[in-house]
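The values are calculated or read from the model by the stated rules, or taken from the named source; none is laboratory data. Keep in mind it's a predicted model, so treat the numbers as computed, not measured. So basically every Cβ, Gly included, is an ideal-geometry build from the backbone, and we count neighbours across all protein chains shown. Surface areas here come from the heavy atoms of the whole protein model, side chains and all, with no ligands, DNA or RNA. Shrake-Rupley method; radii C 1.70, N 1.55, O 1.52, S 1.80 Å.
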Amino acid sequence: MRAIITVVGKDTIGILSKVSTMCAEQGANIIDVTQTVMQDMFVMVMMVDISTMTADIGTLRDKMDIMAANANLKIHVMHEDIFNSMHKI
């Protein structure tokens, strides 16, 4: 099972580190990541393997929401099946 994590916000030092650390703490393995900085905005999309997580995806989402609020970011965690359904023609 996989999930898609998107992160958007003002570019600051350590965003990738914070998100990847949270993934590691929950047992989610980062499979792929792409990021860019557009002017002063940080944009990142990650695909993570959630099959070995120590908690469920809802817990990961809740923890990311807390981190996002504290860092003034927008972070969305979505199961791959839902992501694929939303983007199917």
Based on the Cα gyration tensor of the chain, what are the three equivalent ellipsoid semi-axes, each the root of five times an eigenvalue, rounded to whole Å and given largest first?
20, 16, 11
State to the nearest 20 debye the size of the charge dipole of region 39-80 about its Cα centre, where the only charges are +1 on K and R beta carbons and -1 on D and E beta carbons.
100 debye
Counting only heavy atoms of protein chains, what accessible area per residue, in Å², does the chain have with a probe of 1.4 Å?
63 Å²
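Pull out the extension gain between Glu80 and Met38, defined as 0.36 nm times the separation in residues minus the alpha carbon to alpha carbon distance; nm, one decimal.
On the way: separation 42, 0.36 × 42 = 15.12 nm, distance 2.58 nm.
Residue separation times 0.36 nm, minus the Cα-Cα distance, leaves 12.5 nm.
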Helix 15-26 vs. the chain, principal-axis angle (Cα, 0 to 90°, nearest 10)
30 degrees
